[in-house]
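The values are calculated or read from the model by the stated rules, or taken from the named source; none is laboratory data. Model, not experiment: these values are computed from the prediction. All Cβ positions, glycine included, derive from the backbone under ideal geometry; neighbour counts span all protein chains shown.
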Amino acid sequence: VLRGEREEVVDAGELRLGEIMIVKPGERIATDGTIRTGRTALDVSAITGESVPVEAGPGDGVFAGSINGNGVLEVEVTADAQDNSLAKIVRIVEAEQSRKGEAQRLADKIAKPLVPAILVVAAVIAAAGSLFGDPRVWIERALVVLVAASPCALAIAVPVTVFAAVGAASKLGVLVKGGAALESLGRVRGIALDKTGTLTRNRPTVIKIATANGTSRAEVLAVAAALEVRSEHPLAKAILAAAGGDVIPAENVEAVTSAGLTGRLYGATVRLGRPGWIEPGSLAADVERMQHAGATAVLIERDGEL
């Protein structure tokens with residue numbers, strides 16, 4: 001954290017609202033905040049499930065638990081450690097895990113007064129019978145009443161069923177929070193899903209190539225692959241897979257934080273990166289359509305030509 005003109009290492013619990021956190025490449029963000037300086041690609045999969053790093057820059061909000069990419073950030077703290085997004089998620093999960101379903105609450109409600117009542121009845125039978133008959137016989141009869149009338153089967157049946165169902169679901173890769181969730185699931189008649197990373201394969205792929213200035217699709221992929229072959233970005237594998245075959249790597253490849261790559265290929269200066277760093281020009285409409293469809297647009301430039 002930046003205090004005065006000095007950088008200090010402090011625990012997350014000591015952060016105060018308005019302070020400036022220094023987040024270095026590869027570090028996990030300690031609490032929620034707003035980026036003041038720096039650009040990066042954030043791994044927010046632990047918070048949102050988004051499998052592809054999210055570009056972030058000045059003015060963008062960041063969540064606790066996100067992992068910084070390759071840029072140094074100055075982040076203004078907007079929530080303390082007890083009230084940030086990660087802490088809220090933990091509290092919600094804990095609350096859900098402690099919730100009981102209606103059937104389990106009903107079983108507990110019945111068992112609570114029934115258990116002491118049966119104990120009293122059994123004691124009365126044993127005492128009264130012993131006064132007028134053989135104590136051994138009546139104690140045995142009292143124990144029979146105690147075992148037969150005990151609500152243990154009712155009290156145990158529901159939680160055992162819940163545990164068995166949760167265990168069976170976990171073997172299929174489904175995590176269920178508890179009995180309340182199971183009972184709610186039984187009443188569901190329609191499902192709407194939107195969870196990136198859960199419903200996707202986490203393997204980006206090239207879905208469309210738009211060309212400009214008379215270049216061919218093969219040329220676009222060749223230049224892109226020449227730069228990406230030296231990159232570790234998640235989109236690099238998708239571009240290399242689309243290019244296929246042998247790739248001739250570009251020379252003097254440099255990564256520009258949260259922007260893209262630059263290099264030289266056959267004597268020409270080539271760039272690859274996000275819209276804004278490279279102007280889309282005549283492809284602006286194509287870029288807009290791709291982004292509206294949920295795709296990530298990557299632009300390629302050779303000697304200043306898109």
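Anything in region 198-218 that is in contact with a strand residue (DSSP E or B) (Cβ under 9 Å, 6 or more places away or on another chain) and either exposed (fewer than 12 other Cβ atoms within 10 Å of the Cβ) or farther than 21 Å from Ala285 by Cα (or both)? List them, or say none. Don't jump to the end; show me each part of the working.
First pass over region 198-218, keeping only residues in contact with a strand residue (DSSP E or B) (Cβ under 9 Å, 6 or more places away or on another chain): 212-213, 215.
Residue satisfying the conditions is Asn213 alone.
Please go through region 242-269 and give me each residue that is within 15 Å of Ala218 (Cβ to Cβ) and aliphatic (A, V, I, L, M), ordered by number.
Within region 242-269, Ala242, Ala243, Val247, Ile248, Leu265 meet the criteria.
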> In region 1-35, what residues are within 25 Å of His233 (Cβ to Cβ) and basic (Lys, Arg)?
Replying inline: Lys24, Arg28
> Which of the residues that make up region 13-69 are of a type in the set (D, E, K, R), touching a helix residue (DSSP H, G or I) at 6+ places or on another chain (Cβ under 9 Å) and either assigned to a strand (DSSP E or B) or modelled with pLDDT under 85 (or both)?
Replying inline: Arg28
> So which residues in region 255-306 are touching a residue at least 60 places away in the same chain (Cβ under 8 Å), outside any loop (DSSP other than H, G, I, E, B) and charged (D, E, K, R), if there are any at all?
Replying inline: Asp286, Arg302, Glu305
>> Looking at Gly173, Gly197, Gly178, can you tell me which residue is of a type in the set (Gly, Ala, Ser), under 30 Å from Gly71 (Cβ atoms) and modelled with pLDDT under 80?
In response: Gly197
> So is Leu221 touching a strand residue (DSSP E or B) at 6+ places or on another chain (Cβ under 8 Å) and over 24 Å from Thr40 (Cα atoms) or not?
Replying inline: no
>> I'd like the residue in region 173-189 that is within 11 Å of Val162 (Cβ to Cβ) and of a type in the set (A, V, I, L, M, F, W, C) and, out of all such residues, is surrounded by the fewest Cβ atoms within 10 Å (Cβ to Cβ).
In response: Val176
> Restricting the search to region 111-170, which residues are free of Cβ contacts under 8 Å to residues at least 40 places away in the same chain and either of a type in the set (Phe, Trp, Tyr) or not in a helix (DSSP H, G or I) (or both)?
Replying inline: Phe132, Gly133, Asp134, Trp138, Ser150, Phe163
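Looking only at residues that are among the charged types (D, E, K, R) and over 27 Å from the mean Cα position of the chain (by Cα) in region 200-227, which one is farthest from Gly304 (Cα to Cα)? Please lay out each step first, then the result.
Taking region 200-227 as the starting set, the residues that turn out to be among the charged types (D, E, K, R) are 201, 203, 208, 217, 219.
Those still in the list that are over 27 Å from the mean Cα position of the chain (by Cα) too: 208, 217, 219.
Working: Lys208: 22, Arg217: 18, Glu219: 15 Å.
Once the filter is applied, the top-ranked residue is Lys208.
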>> So for region 123-130 (the condition being touching an Asp or Glu at 6+ places or on another chain (Cβ under 7 Å) and outside the structural domain of Ser231 (by TED's automatic domain parsing)), does at least one residue qualify?
In response: no
> Name the residues in region 253-306 that are in contact with a Gly (Cβ under 6 Å, 6 or more places away or on another chain), modelled with pLDDT of 90 or more and of a type in the set (A, V, I, L, M), would you?
Replying inline: Val270, Leu272, Leu306
